[in-house]
Amino acid sequence: MRHLLLCLLFGLCSLAHGQEQSFSFSDSAILQRLQQDVFILASDTLQGREAGTIGDSLSVGYIISRYQEIGLEPKGNDSGSFIQPVPYTYSDFPWSENYLYTDYDQYKYRHEFGMTSFSANDKVHGELLNVGHGIVDSLLFRDDYAGRENPEGRVLLMEFPLPDDLPEDSVILNKLSVRNRLAEAFRRGAVAVLLWNSDSHDYPTLFNFKDRDIMPGPVFFITEPVAWKLKKLNGYSIFMKATLNKVHTTYNNVIGFLDRHAAQTVIIGAHYDHVGLNKRNIAKCGADDNASGIALMLELARYLKNQVNSRYNYLFIAFGAEELGMIGSAYFCSHPVIPLEEVAYMCNFDMVGRLGAEGNRITVLGTATSPQWKTIYNEMPEFPFRIKKYKGASNFSDQECFYKEKVPIFYITTGLHPDYHTHHDRPERINYTGMVDITKFAEEFITRTGEAGTIEFQPVSGQATFFSDLNYYIRQIGHLFDMPWQDFP
Ligand SMILES: [Zn+2]
């Protein structure tokens, strides 16, 4: 059915049968294929390829058709499917059902207060008690509850960033994590906690998606102005209700394998999902982010299929749900379809269609994640663009979990531009000639890794600074009131 739909939508009926094809590798043939893949994946019909939507399913169908046409083997699961299902549970917070009010004010959900990943489903009321930072630590001779009223049955107001004067000791800081201070508050009989901060850079700790520590009562985040108002209401009644609906869903990774009967496998990946429609229902079609990366990955598959002598097998992964927090790649890293020890390295392509957006250069990340990378980069021939290198892996895209699993990584992007995540990220705006050059760069690089001996992993000291501030904003603060609590089932 999915194939039939694609067939009708795109006139790609020859693809629907999955017949393997042979390809010309002239520049114009490569450009044409890149263009076709980007235009189809970024067409309005796919409605911005948001994870879990019909646009997602159509994208999956299209990528499978391409894998079949190239002649890749299905490797998504053991029963011969290209799809690796990615089960996922998230919480939905109904707008109208959550409240926070006093006898004087009713606060606006998502504007003045929001849910945190620690919150339980409950409706409570109690008198307000300000407990400062909520710190209790005998080694520090500090007890923020001392000298205050009994917290039992009360709604506690707690400032969650730790004060600056604490020792830089990771054991102490861990003991005083938000989680542990919340647990202490509920142990002392609190019915709910309102967290606030005066430092806008410190939201993410509330939305640690891996943290599944649900507290016994509601835990809201409140904005600083609300906190200042409430501070004057010590002892006054607070009424609050937290409602979370758990939603179980399944996303997809689309995985094809090129088996060369080699001992090691190279993973080549790109995410296929995007962010759907804007508020006026116009598709944010994500031509650069990341139809471009998928098109480039598919072109590499065609090229590598044609290279018969290879030291490596190749695993091609179109990751799903990257935009929701790299869910597809995180799932793959915890449920790999081949042992990660057999992975030589991982290449990721995310936004490779705007050569020129940050000057005539590409940015390559992870250049210090293997000692072999340096030699390869130094010996690469000239390309018609400059290369900006970042040593670290960055936490901006799907390569992140591979790096954490000690796999050397190699991530190319042409960088950010004003059309990023807007409906202006359209296929007409892609630099296809630039994409041909980047494809050839990647081909050259991958070919050279086959001659470079073992590619060893090397950890990179310090965090990559690339994108980190922006990443912080987009992934955490930008979604503050949108996706507060999600995890794997
Ligand atoms: Zn992206």
Q) Restricting to segment 133-147, what's the tally of residues that are touching a Leu at 6+ places or on another chain (Cβ under 8 Å) and assigned to a loop (DSSP other than H, G, I, E, B)? A) 4
Q: State which residue pairs qualify: first residue over 23 Å from L46 (Cα atoms) and assigned by TED's automatic domain parsing to the domain that holds I282 and inside segment 415-441, second residue part of a helix (DSSP H, G or I) and among the β-branched types (V, I, T) in any location, beta carbons under 7 Å apart, and separation of 6 or more residues or different chains.
A: V436/I30; T439/I30
Q. Can you spot a residue in segment 271-280 that is at pLDDT 95 or above, in the same structural domain as F441 (by TED's automatic domain parsing) and not in a loop (DSSP other than H, G, I, E, B)?
A. yes
Q) Among the numbered criteria (1) of a type in the set (S, T, N, Q); (2) more than 16 Å from the ligand (Cβ to nearest atom); (3) outside the structural domain of R179 (by TED's automatic domain parsing), which single criterion is violated by N253? A) (2)
Q. Looking at (1) away from the ligand (no atom under 16 Å from the Cβ); (2) in contact (Cβ under 8 Å) with a residue 12 or more places away in the chain; (3) closer than 15 Å to N253 by Cβ, which is the one condition that is false for S310?
A. (3)
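This table checks each residue for (1) assigned by TED's automatic domain parsing to the domain that holds H335; (2) within 29 Å of A283 (Cα to Cα); (3) in contact (Cβ under 8 Å) with a residue 24 or more places away in the chain; (4) touching a helix residue (DSSP H, G or I) at 6+ places or on another chain (Cβ under 7 Å).
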site: R33; (1), (2), (3), (4): yes, yes, yes, yes
site: V38; (1), (2), (3), (4): yes, yes, yes, yes
site: S43; (1), (2), (3), (4): yes, yes, yes, no
site: I64; (1), (2), (3), (4): yes, yes, yes, no
site: Y67; (1), (2), (3), (4): yes, yes, yes, no
site: K75; (1), (2), (3), (4): yes, no, yes, no
site: G80; (1), (2), (3), (4): yes, no, no, no
(Q) Can you find, within segment 357-403, the residue that is nearest to the ligand (Cβ to nearest atom) among those that are in a loop (DSSP other than H, G, I, E, B) and modelled with pLDDT under 90? (A) S397
(Q) For segment 342-362, give me each residue that is touching a strand residue (DSSP E or B) at 6+ places or on another chain (Cβ under 7 Å) and crowded, with 21+ Cβ neighbours inside 10 Å. (A) V343, A344, Y345, M346, C347, N348, F349, D350, M351, V352, L355, I362
Q: Only residues that are away from the ligand (no atom under 16 Å from the Cβ), in contact (Cβ under 8 Å) with a residue 12 or more places away in the chain and either touching a His at 6+ places or on another chain (Cβ under 8 Å) or at positive phi (or both): list them for segment 256-282, please.
A: H261, N278, I282
Q: Please go through segment 175-195 and pick out each residue that is of a type in the set (G, A, S), in a loop (DSSP other than H, G, I, E, B) and under 32 Å from the mean Cα position of the chain (by Cα).
A: S177
Q | Extreme residue, modelled with the highest pLDDT, among residues of segment 214-237 that are of a type in the set (A, V, I, L, M) and outside any helix (DSSP H, G or I) | A | L233
**Q.** Any strands (runs of 3 or more DSSP E) falling wholly within segment 65-132 and containing at least 1 residues that are surrounded by fewer than 18 Cβ atoms within 10 Å (Cβ to Cβ)
**A.** 83-92, 99-101, 122-130
Q | Set F39, F10: member being modelled with pLDDT under 95 and aromatic (F, W, Y) | A | F10
Q | Within segment 438-453, considering residues that are outside any loop (DSSP other than H, G, I, E, B) and touching a strand residue (DSSP E or B) at 6+ places or on another chain (Cβ under 9 Å), the one farthest from R386 (Cα to Cα) | A | T449
Q.
Condition check: among the acidic types (D, E) and touching a strand residue (DSSP E or B) at 6+ places or on another chain (Cβ under 6 Å). Does D143 satisfy that?
A. yes
(Q) Looking only at segment 313-327, how many residues end up being touching a helix residue (DSSP H, G or I) at 6+ places or on another chain (Cβ under 9 Å) and more than 16 Å from the ligand (Cβ to nearest atom)? (A) 3
**Q.** Test for F316: is it in contact with a Leu (Cβ under 7 Å, 6 or more places away or on another chain) and crowded, with 21+ Cβ neighbours inside 10 Å
**A.** yes
Q | Residue in segment 238-270 that is nearest to the chain's Cα centre (by Cα), counting only those that are among the aliphatic types (A, V, I, L, M) and outside any strand (DSSP E or B) | A | L244
Q: Kindly indicate whether D419 is surrounded by 15 or more Cβ atoms within 10 Å (Cβ to Cβ), in a loop (DSSP other than H, G, I, E, B) and modelled with pLDDT of 90 or more.
A: yes
Q. What tally of residues in segment 328-356 results from selecting those that are within 13 Å of the ligand (Cβ to nearest atom) and not in a strand (DSSP E or B)?
A. 7
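The values are calculated or read from the model by the stated rules, or taken from the named source; none is laboratory data. Source: prediction; values computed, not measured. All Cβ positions, glycine included, derive from the backbone under ideal geometry; neighbour counts span all protein chains shown.
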